[in-house]
1. Given the criterion closer than 19 Å to residue 142 by Cβ, surrounded by 12 or more Cβ atoms within 10 Å (Cβ to Cβ), in contact (Cβ under 8 Å) with a residue 24 or more places away in the chain and under 12 Å from the mean Cα position of the chain (by Cα), identify the matching residue among 102, 83, 74.
2. All but one of (1) within 17 Å of residue 55 (Cβ to Cβ); (2) assigned to a loop (DSSP other than H, G, I, E, B) hold for residue 23; which doesn't?
3. If only one of 36, 26 is farther than 14 Å from residue 99 by Cβ and touching a residue at least 40 places away in the same chain (Cβ under 8 Å), which one is it?
4. Look at residue 91 and say whether it is loosely packed, with under 13 Cβ neighbours inside 10 Å, out of contact with any helix residue (DSSP H, G or I) (no Cβ under 7 Å at 6 or more places or on another chain) and closer than 24 Å to residue 49 by Cα.
5. So, in segment 35-54, of the ones that are surrounded by fewer than 16 Cβ atoms within 10 Å (Cβ to Cβ) and within 16 Å of the chain's Cα centre (by Cα), which residue ends up farthest from residue 24 (Cα to Cα)?
6. If a residue counts only when it is closer than 19 Å to residue 118 by Cβ, which strands (runs of 3 or more DSSP E) contained entirely in segment 50-99 have at least 1 such residues?
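Readers should treat all values here as calculations from the given coordinates under stated rules, not as data from a laboratory. Quick caveat: nothing in here was measured; it's all calculated off a predicted structure. Because the Cβ atoms are built from the backbone with ideal geometry, glycine has one as well, and the counts that use them run over all protein chains shown.
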């Protein structure tokens, strides 16, 4: 990480003997959500940018972390291409709810670095790229999917 103000001096955020990658900064700049294989499989972790504290958010697998615009929710893909969500409490300590399943996604299982989804700022709508099985192009938009 390189600060934008003052004399820029690079600093490592995460330094472990594991593979730590595909990271996303929280909107308030306090946290870094990233993937690590520390548990033996890819899981989503969140680390403070000012201390050594870190927390595992997913359990049993997680990739592609994304923050809601206000930082109050963290999305990621769980096993079986399932979109998961963990509510995040505001504050100086990282506190999140256990992840909940939002829905199982279409298409083949995503690879760690290939995001096929995006979340609108308020977290109420999600756009998902679903590759077609044939040469025809089509777009399906699902609204009110939670109902």
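1. Working: 102 fails: under 12 Å from the mean Cα position of the chain (by Cα); 74 fails: closer than 19 Å to residue 142 by Cβ.
Exactly one of 102, 83, 74 is closer than 19 Å to residue 142 by Cβ, surrounded by 12 or more Cβ atoms within 10 Å (Cβ to Cβ), in contact (Cβ under 8 Å) with a residue 24 or more places away in the chain and under 12 Å from the mean Cα position of the chain (by Cα), namely 83.
2. (2)
3. Values: 36 fails: touching a residue at least 40 places away in the same chain (Cβ under 8 Å).
Matching residue, one of 36, 26: 26.
4. Working: loosely packed, with under 13 Cβ neighbours inside 10 Å: yes; out of contact with any helix residue (DSSP H, G or I) (no Cβ under 7 Å at 6 or more places or on another chain): yes; closer than 24 Å to residue 49 by Cα: yes.
Criteria met by residue 91.
5. If we filter segment 35-54 for residues that are surrounded by fewer than 16 Cβ atoms within 10 Å (Cβ to Cβ), which is where we start, we get 37, 39-41, 49-53.
Checking which are within 16 Å of the chain's Cα centre (by Cα) leaves us with 37, 41.
Details: 37: 16, 41: 19 Å.
Across segment 35-54, the extreme among qualifying residues is 41.
6. Numbers: elements: 54-56, 63-67, 73-78, 82-87.
Those strands (runs of 3 or more DSSP E) span 63-67, 73-78, 82-87.
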